[in-house]
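This report refers to the structure that appears directly beneath it.
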Amino acid sequence: MPRLLAALGVLCALLPGLVLHTCAAEAPAVSAASAVLMDAETGRVLYARDENTPRAIASTTKLMTALVAAEYLDGDLSGTVEIKPQWTGIEGTSLYLEPGEEISLKTLFYGLLLHSGNDAAVALAGICGGEVETFVGWMNQRAQDLGMTNTHFSDPNGLGDENHYASALDMAKLAAACLKNPTVAEAMATKTITLEGRQLTNHNKLLWQYEGCTGMKTGYTRQAGRTLVSSAQRDGQTLICVTLNDRDDWNDHRALLDYGFANYPRTLLAQQDAVLGQVPLTGSLLHMVSVSARETVAYPLAQGEEITMELDLPDQVQAPVTQGEIAGAARWYQNGREVGWTYLVWSGSAAQDVTRQRQVHSLLDFLRPGGQDEKAETP
């Protein structure tokens, strides 16, 4: 498809006021050994500190346990299971499961994410994988699928050895996947719930202390220190924050989330159905046909950052065209890197000008050699 290049330079030429010409505020100082602040919708990293170093992650491991279990169960937590002896007596935070106990999958799942039950993690792994080792293999495969290149899991609860680790950036990728899973997202955002006589309270204090917090997971071991993954939503934007080995994690997350929302707001590049260009039209009474964005496109932008847009469209199109059909694509770039795209569709329909075509065909017949003589003959 021929390309109609619409290099717009600073996008304020298209959307006035979009680009401002001052610098973003300085990021806050944090106590974490590793930290990441990420925009959940686009994956843009807004702040990073030693983000690729593998570190112990403690119970934030359970985000992957929850994701793999939710995907295996297809979000159905209605079933009831019998607890096997090998799933009980796990050290650390526990639901105190008893061998032979009948318990719902929902209690185990919420006990995993809210109460951080280590036995709940082992039970879910055994239920889904048959063997815990099989389930852990699934966790590592899922990590590869998500592009978590500095991650390895040894168990489903985070009590693992030196071969159990992840980087802050990898945990942010995992967090984004968890937000996209309705079963995991709903549980992570739950403050308290009572299930089968167990009152479960979320360990994530930010659900009470930070406006717009949508949950995630805490963790602590002597080896890992304090680990925390959180998410928050404001003005249609969701941010993910990860800190590993952070003695002041609650305050650091508040400061980083505030920084992200204040300095990298979700900026609209194109509204769904907004007209972005026109294409010359032939074979119709209309001479031009408009194209519009099939989807809304947004990106977190700091003040002063520049965006360019390119439209991939045909040089011209032959009628008829049908409203809503794909006409091309729009792409947005920041410093040469693609940061957003959407299909372009025809904004309206244009019928073929049949009358004009008949006139043209009649004229061609008339001008064809022998055409006049043939029409002059009498039967």
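The values are calculated or read from the model by the stated rules, or taken from the named source; none is laboratory data. Treat the numbers as computed from the prediction; the structure is a model and nothing was measured. Glycine also receives a Cβ, built like all others from the backbone with ideal geometry; neighbour counts cover every protein chain displayed. Please note that ligands, DNA and RNA were not included when accessible areas were found on the heavy atoms of the full protein model with its side chains. Shrake-Rupley method; radii C 1.70, N 1.55, O 1.52, S 1.80 Å.
The table that follows gives values for the structure above.
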item: Among residues of region 159-197, those that are more than 24 Å from the chain's Cα centre (by Cα), buried (at least 16 other Cβ atoms within 10 Å of the Cβ) and at pLDDT 95 or above, counted; result: 3
item: Selection within region 79-102 - in contact with a Ser or Thr (Cβ under 7 Å, 6 or more places away or on another chain) and of a type in the set (A, V, I, L, M, F, W, C); result: 97
item: The lone exception for residue 80 - which of (1) of a type in the set (Val, Ile, Thr); (2) surrounded by 15 or more Cβ atoms within 10 Å (Cβ to Cβ); (3) out of contact with any Gly (no Cβ under 8 Å at 6 or more places or on another chain) it fails; result: (2)
item: Matching entry among 262, 255 (being over 20 Å from residue 169 (Cβ atoms), of a type outside the set (Asp, Glu) and not in a strand (DSSP E or B)); result: 262
item: Filtered residue count, region 123-148, keeping only those that are surrounded by fewer than 19 Cβ atoms within 10 Å (Cβ to Cβ) and touching a residue at least 60 places away in the same chain (Cβ under 8 Å); result: 1
item: Residue check for residue 119: part of a helix (DSSP H, G or I) and either in contact (Cβ under 8 Å) with a residue 12 or more places away in the chain or open to solvent by 10 Å² or more (accessible area, probe 1.4 Å) (or both); result: yes
item: First in region 329-341 and charged (D, E, K, R), second anywhere and exposed (fewer than 15 other Cβ atoms within 10 Å of the Cβ) and in a strand (DSSP E or B), Cβ under 7 Å, 6 or more apart; result: 331/338
item: Any hit, region 306-323, residues being buried (at least 16 other Cβ atoms within 10 Å of the Cβ), among the charged types (D, E, K, R) and modelled with pLDDT of 95 or more; result: yes
item: Residue selected from region 25-54 under the condition open to solvent by less than 60 Å² (accessible area, probe 1.4 Å) and over 24 Å from the mean Cα position of the chain (by Cα), by the criterion modelled with the lowest pLDDT; result: 25
item: Condition check for residue 174: farther than 20 Å from residue 125 by Cβ and of a type in the set (A, V, I, L, M); result: no
item: Leading residue by the ranking (farthest from the chain's Cα centre (by Cα)) among those in region 240-262 that are crowded, with 21+ Cβ neighbours inside 10 Å and aliphatic (A, V, I, L, M); result: 244
item: Index of the failed condition, residue 287 passing every other in (1) modelled with pLDDT under 95; (2) surrounded by 20 or more Cβ atoms within 10 Å (Cβ to Cβ); result: (2)
item: Where residue 237 falls short, out of the listed (1) open to solvent by 10 Å² or more (accessible area, probe 1.4 Å); (2) out of contact with any Leu (no Cβ under 9 Å at 6 or more places or on another chain); result: (1)
item: Region 57-71, subset of a type in the set (A, V, I, L, M) and over 14 Å from residue 229 (Cβ atoms), residue surrounded by the fewest Cβ atoms within 10 Å (Cβ to Cβ); result: 70
